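Each remark here refers to the structure printed beneath this line.
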Amino acid sequence: MTTAIRDTQPVVDSMLARVRPLGLSAFDGSAPVTPMVRYVALFEEIGPIPLERLSGDGASFPWTGRAVVCAGTREGLRDAVALVRGAYRMWRPLGFPASTPLVEIQTGPVLTDGPAEDVRHSQTLVYRTTLTLFETV
């Protein structure tokens, strides 16, 4: 029997669930107006799956997501980034064999934004994995 991965939402849900026990709030997309002190907002890059990869067992495609890590202080941001990196390092969001280990492929600069009473520091970490469209169960 084979099971097709037709939706990437389980990847997002798994990644969010992975960092919540570490004391970080985690959001699928933008954080609410009044977020917690330290949080992660995950944005997946949704692109086309080439038709030639949609046939047969073992067909796979790359998945890329951006984890925007935010905190109220630079020290808090450093700590939160370290937690996220530790949580995602060599971890498979859908387990074996449905996904390869996450790899951090890019980082952005530390950014500071917001009004004086709500300054936020953030850094974007870009992750990639390969998802198997059909896995044998």
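Our estimate of slack between SER30 and PHE96, defined as 0.36 nm per intervening residue step minus the Cα-Cα distance, is 20.8 nm.
Modelled this way, with points 7 Å down the Cα-to-C-beta line, the labels at GLN106 and ARG78 are 2.6 nm from one another. Starting from the Cα of ARG89, step 7 Å along the direction of its Cβ; do the same at THR64; then give the gap between the two resulting points in nm. A separation of 2.4 nm, rounded to one decimal place. Could you calculate the FRET efficiency of SER14 with VAL37 from 1/(1 + (r/R0)^6), where r is the beta carbon distance between them and R0 is 41 Å, rounded to 0.05? Here the calculated transfer efficiency is 0.95.
Under 13 Å from the Cβ of ARG120, count the other residues' Cβ atoms, weight Lys and Arg +1, Asp and Glu -1, and hand me the total. Every neighbour counted, the sum reads -1. 3J(HN,Hα) along segment 83-100: 5, 5, 4, x, 5, 9, 4, 6, 9, 9, x, 10, x, 8, x, 5, 8, 8 Hz, from the Karplus curve 6.51 cos²θ - 1.76 cosθ + 1.60 with θ = phi - 60°, whole Hz, x for Gly and Pro.
Of the residues SER14, SER99, SER30, the one with the fewest other Cβ atoms within 10 Å heads the list, and the complete ranking is SER30, SER14, SER99. Here the calculated FRET efficiency for ASP118 and ASP7, from their Cβ-Cβ distance with R0 = 30 Å, stands at 0.30, rounded to the nearest 0.05.
Laboratory data are not the source of any read-out in this text; all were calculated from the coordinates shown. On a predicted model such as this, the values are computed, not experimentally measured, just so you know. Neighbour counts are summed over all protein chains in view; Cβ atoms, including those assigned to glycine, are modelled from backbone coordinates with ideal geometry.
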